[in-house]
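The values are calculated or read from the model by the stated rules, or taken from the named source; none is laboratory data. Please read these numbers as outputs of a predicted model, since none were measured by experiment. Neighbour counts run over all protein chains shown; Cβ positions are idealised from the backbone, glycine included. Heavy atoms of the whole protein, side chains included, go into the accessibility calculation; ligands, DNA and RNA do not. Shrake-Rupley method; radii C 1.70, N 1.55, O 1.52, S 1.80 Å.
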Amino acid sequence: TTTKLTARTRHSIFFWFRVLLSLTVLSFSLAVTLVALFQGKTTMWPNVPTWASLLSFVFLLILVGMLEAMQISFYACAKMKKDERATSFFGKKTGELISKKNNLPAFMIGRQLMVVSCFFILARVTTLDVEVGRGENIFGVSDAFQSFLNLGLHAALLMTIMGAVVWKLAASAFPKVFFNAPFTYVLLWIGLCLEWTGICSGAWLLARILKRVMKLQYDEVYVGTPEKPVLSKDYLDEVAASRDALEEATRRLEEGRVVSLEEEKAKKGSRNDEVDDVPNDA
């Protein structure tokens with residue numbers, strides 16, 4: 001028990017050390033981005049005021065996060081029954097719209113178009129435009145470190161955590177919350193409209209070719225739908241093995257009982273014989 005407790009403590013310390021390290025780097029990246037925004041040292045278009053750049057940064061991060069969360073939420077709720085996933089008016093409307101033929105993959109195409117567009121603008125907002133060697137470095141860092149910041153890796157980390165990972169983790173834990181949100185229904189329609197433009201329609205053909213080459217099957221072939229589930233072959237094999245094991249255990253138990261009964265009868269028989277052998281003094 002002491003060994004397990006020590007291992008658990010070490011694991012907990014290592015986990016929280018990584019969390020603290022990540023938050024430190026994230027805080028520094030956010031500080032660098034905000035300072036560069038207010039000092040006009042980003043690649044944002046010069047005619048855009050600072051307050052508009054800041055609002056665009058916050059709004060686009062939230063928008064990208066919602067789009068990432070919707071992807072996780074839709075696939076998670078697709079495995080639920082209709083009456084379980086839709087608990088609000090907008091949830092029912094979202095469920096009806098996404099359940100129509102090809103609307104789910106169509107939204108994924110439109111969603112990706114929105115994500116790419118948001119990242120294009122976010123890259124302009126967060127990428128630094130500081131000329132090294134003129135004493136204008138962010139926080140007065142060295143020229144070498146400023147050259148590293150100019151690469152934009154801090155912005156990539158910032159957008160990965162705040163614009164994607166946090167939202168995905170939340171959606172994986174609470175998919176129904178995002179599925180029933182009003183803005184989910186609005187973004188769903190926008191995504192479908194973007195896919196309707198046909199900009200990325202070539203993906204349908206390429207996906208069909210990939211399906212043929214890799215011989216892919218829909219999940220319904222293996223597990224069925226939430227309303228009509230179908231047990232997969234692997235699961236059936238496990239059930240059959242468990243049933244065989246149960247039958248074997250039952251058979252052994254019955255054999256043990258039979259042997260016990262026979263032994264008990266034999267003991268009773270021997271006792272009766274002993275009683276018969278005793279002489280009757282009367």
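Below is a table of values for the structure above.
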| quantity | calculated |
| --- | --- |
| All positions within the range 90-113 that are under 16 Å from Phe183 (Cβ atoms) and not in a helix (DSSP H, G or I) | none |
| Some residue of the range 75-89 being of a type in the set (Gly, Ala, Ser), crowded, with 18+ Cβ neighbours inside 10 Å and either at pLDDT below 90 or in a loop (DSSP other than H, G, I, E, B) (or both) | yes |
| Count of residues meeting criterion [over 30 Å from Arg85 (Cα atoms) and either at pLDDT 75 or above or β-branched (Val, Ile, Thr) (or both)] in the range 212-244 | 4 |
| Some residue of the range 39-61 being surrounded by fewer than 21 Cβ atoms within 10 Å (Cβ to Cβ), on the phi > 0 side of the Ramachandran plot, more than 30 Å from the chain's Cα centre (by Cα) and not aliphatic (A, V, I, L, M) | yes |
| Residue in the range 190-210 that is part of a helix (DSSP H, G or I) and under 18 Å from the mean Cα position of the chain (by Cα) present | no |
| Selection within the range 186-195 - in contact (Cβ under 8 Å) with a residue 12 or more places away in the chain and open to solvent by 50 Å² or more (accessible area, probe 1.4 Å) | Trp189, Ile190, Cys193, Leu194 |
| Sole residue being in a helix (DSSP H, G or I), within 19 Å of Ile121 (Cα to Cα) and among the hydroxyl-bearing types (Ser, Thr, Tyr), chosen from Ser12, Ser29 | Ser29 |
| Verdict on Val116 being in a helix (DSSP H, G or I), open to solvent by less than 90 Å² (accessible area, probe 1.4 Å) and farther than 17 Å from Lys176 by Cβ | yes |
| Pairs with Cβ under 7 Å, 6+ apart, first in the range 129-142 and more than 14 Å from Gln39 (Cα to Cα), second outside any loop (DSSP other than H, G, I, E, B) and modelled with pLDDT of 90 or more | Val132/Asp143; Val132/Gln146; Val132/Ser147; Gly133/Asp143 |
